[in-house]
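Everything on this sheet refers to the single structure shown next.
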Protein chains: 2
Amino acid sequence: MTHDTSGTRPSPTLEMVAAHAGVSRATVSRVVNDTPSVDPELVRIVQKSITELNYIPNRVARSLASRRTNSIAVVVPESTSKVFADPFFASVVEGIALHLTETDYTLNMVIASESRPEKTRGFLLGGNVDGVLVVSHHIGDHSWTHLSGAPPMVLAGRPLDGGEDSYYVEVDNAQAAFGATNLLLERGRRNLAIIAGRQDMPPGIDRLAGWRAAVEGAGLTGELVEIGDFTFDSGAAAMQRLLDRDVTIDAVFAANDQMAAGAYTTIQSRGLSIPDDVAVVGFDDDAFALSVTPQLTTVHHPIVELGKKMAEILVDRIEGRPAERVTRMATSLTLRDSV
Amino acid sequence: MTHDTSGTRPSPTLEMVAAHAGVSRATVSRVVNDTPSVDPELVRIVQKSITELNYIPNRVARSLASRRTNSIAVVVPESTSKVFADPFFASVVEGIALHLTETDYTLNMVIASESRPEKTRGFLLGGNVDGVLVVSHHIGDHSWTHLSGAPPMVLAGRPLDGGEDSYYVEVDNAQAAFGATNLLLERGRRNLAIIAGRQDMPPGIDRLAGWRAAVEGAGLTGELVEIGDFTFDSGAAAMQRLLDRDVTIDAVFAANDQMAAGAYTTIQSRGLSIPDDVAVVGFDDDAFALSVTPQLTTVHHPIVELGKKMAEILVDRIEGRPAERVTRMATSLTLRDSV
DNA sequence: TTGTACGCGTTATCAA
DNA sequence: TTGATAACGCGTACAA
């Protein structure tokens, strides 16, 4: 006895339904699984018994017999203890969850504990899930990506380590950053800085590359670079360092909105005005973009859709349908008052 | 064939390990489950075989036989499409996940789809999980709370509908709101308003009650009440209505930081100063409190801890250990610059 | 179209 | 302490 079960009236088994309906278990199983070749009359009778007895199929037994679990895992790195605080992550998971709700798949969140890596590995390889979704980008986080015997997998963002055979959904970070930076240039800004993100993950790397391409394409030097870790505080600190290096900076591109919001506090505390003295562009178009004053001009990308797409592709793969290896989501520039 | 399995080398079964080790399956099972009464020498031999063959126990088969799934469900309402955007929710889930990582339990996120309620119900009652965590507060969302046959459950926040027998973890919303409001009174504010939250959930109801108690306790009339839905925009709108009613408001208590941040934009766009003209106090102490200018004075509560506690209590119940029915987390006032 | 019977990988019972 | 062996609840060839 593992817990108080008073008042418990467990769901009947398939066998009990069969008895009640006066058919074999096989027939009940067929009705439950919508197998075409069943006498409509029998279908009716069985379904009646099912509702009368309040039968709920046992997913565990079903999995054992069918070798499919009908559940998929979402793996997130523990290292990023801020994963949940990151609106990007939250939105991806939301998209995944929303799509799966419309399917018969169940969502398993697994924290890739660094202290117990074998736990994650065992879970993923133990036949507990039909597929895996990975929302991390750190180098090294994909240690299980190329394991033989692993179920189908779809990544959020391009993999860092080769991974020619990986399936993933991403936004074109470099292109979007390029466009955002060009906006600043078009508005006449000439002394551009960037608060880049961690250089061990694609969004950090590619957004910096896009910024650099635009800046250097305009014949300017891309030297005003400071690195943050995508958090609010790191944005504020990076802005400090930038202004300490060059007070004449007239535009900043931040690799995400949280860091942009952090930069705001630094800029404004130095008596500088946004956008008059310093124009700011962010990336993500999340809640932070709206909560700051003046509201932030930022790169919008469909994060929830990205999550949905990941789930969609994974389910396609699981069920044997063809699927694109790489899907790129479109971005757009949301113009507000910070430029 | 459901998907490409080239290169797959499935984990061996318990039986294969038994053969390899020259013992019976029962013995291997005992070793795997740390059953005390096994010859140390055999334990060694079996463990050797396990690592050599790279054996991973099949959780599904284990569940079927043992009638325990080693996984718990976190139920979130679909209605709140903003659940994931809500830092509170994210932190609770983070806490839950963090605690479960240290146990052998797995986390199942289930969206309580309103269009397919039977799916949620079936999942929860189908023996798929050993316990349930509910992070919603809406009236009606607990329709499955009192189902017989349901596994142990722990709620975030007090249940709205009686539920004398429920287990839950909460913060004392009324008490905290009372304290926050008293701070405003102590600072000499006399024309207090509140942007309350939805009145169909405890945080909305109780924080309003706390505010009212403090205001009326000071001999003032608690009439300046506007209701929001915990979102940024609703906070801005509510502040509009308040100022339209009475421009001499000198203090506002918002039921969460997001609404407080929304109120900021309204207040400042009317040319009023925070805190000189209007003092503001929020609730949650999340990222929004830091991203606004001036930084927000707000009620801090240990949300991640709350999640951890929920998971801890649920696991205790599942494993038959005694547990408190109601746990109340302490709050504190984080003083910043908005008062 | 329906039923029989075996197997899925593990735990649990009962003898030995 | 160890080993047969019967569940666990369902899917699915295969046979009828």
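The values are calculated or read from the model by the stated rules, or taken from the named source; none is laboratory data. Since the structure is predicted, the reported quantities are computational estimates derived from the model, not experimental observations. So basically every Cβ, Gly included, is an ideal-geometry build from the backbone, and we count neighbours across all protein chains shown. Protein only, heavy atoms only, side chains kept; ligands, DNA and RNA dropped before computing areas. Shrake-Rupley method; radii C 1.70, N 1.55, O 1.52, S 1.80 Å.
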By the Cα gyration tensor axes a ≥ b ≥ c (a/c under 1.5 gives rounded; else a/b larger than b/c gives prolate, otherwise oblate), the shape of the stretch A:173-301 is rounded
Given the options A:P275, A:P203, A:P302, state which has the largest fluctuation in a GNM of chain A using a 10 Å cut-off (strictly under) for Cα springs. A:P275
Give the accessible area for A:K48 in Å² (nearest 10); use a 1.4 Å probe, count only protein heavy atoms, and leave out ligands, DNA and RNA. 110
Counting only DSSP beta bridges with both residues in the protein assembly as shown, tell me the antiparallel percent, nearest 5. 10
I need the inter-copy label distances for B:N54: point set 7 Å along Cα to C-beta, values in nm with one decimal, smallest first. 4.6
Grab the eigenvalues of the alpha-carbon gyration tensor for the stretch B:167-232, scale each by 5, take roots, and send me the semi-axes largest first in whole angstrom. 21, 14, 10
Residues of A:56-66, mean number of Cβ from any other protein chain within 10 Å of their own Cβ, rounded to a whole number? 6
For B:V32, label point 7 Å along C-beta direction: distances to other copies, nm: 2.3
Past 32 Å, Cα to Cα, is the threshold; run B:K119/B:K308; A:K309/B:K48; A:K308/B:K48 against it and keep the listed order. A:K309/B:K48; A:K308/B:K48
Averaged over A:106-118, number of beta-carbon atoms from partner chains that fall within 10 Å: 4
Label point distance in nm, A:A330-B:V43, each placed 7 Å from Cα along Cα→Cβ: 6.3
For the protein assembly as shown, fraction of C-alpha pairs farther apart than 32 Å, in %: 57
So how long is each side of the stretch B:111-264 along the principal axes, counting just the alpha-carbon atoms, biggest first, in Å? 58, 28, 19
If the elastic network links every pair of Cα atoms under 10 Å, which of B:E312, B:E102, B:E223 fluctuates the most in the Gaussian network model of chain B? B:E102
Quick check on chain B: helices-only [θ] at 222 nm, where DSSP H runs of length 4 and up contribute -39,500 (n - 2.57) each and the sum goes over total residues. Nearest 500, please. -12500 deg cm²/dmol
Give the distance, in whole Å, between the Cα centre of the stretch A:240-301 and the Cα centre of the stretch B:36-77. 52
Overall dimensions of chain B by Cα: Rg and Dmax, Å: 25.8, 85
Note, the stretch A:185-192: 3J(HN,Hα) by Karplus (6.51, -1.76, 1.60, θ = phi - 60°), whole Hz, Gly/Pro = x, goes 5, 4, 7, x, 6, 10, 10, 8
Over chain A, what is the percentage of antiparallel beta bridges among all DSSP beta bridges, to the nearest 5? 10
Rounded to whole Å, sorted largest first: equivalent-ellipsoid semi-axes of the stretch A:205-253, Cα gyration tensor: 19, 15, 7
Please give the average number of partner chain Cβ atoms lying within 10 Å of the Cβ of each residue in B:292-303, rounded to a whole number. 1
Using the per-residue mean of other Cβ atoms lying within 10 Å as a proxy for protection, in what order, highest first, do the peptides B:319-330, A:16-27, B:33-44, B:251-262 fall? B:251-262, A:16-27, B:319-330, B:33-44
How far, in nm to one decimal, is A:T13 from itself in the other copies if the label point is set 7 angstrom along Cα toward Cβ? Shortest first, please. 1.9
Give the share of C-alpha pairs in each 5 angstrom bin for the stretch A:14-57, from 0 to the last occupied bin, in whole percents, shortest bins first. 5, 29, 41, 21, 4
Heavy-atom accessible area per residue of the protein assembly as shown, all protein chains kept, 1.4 Å probe, expressed in Å², is 42
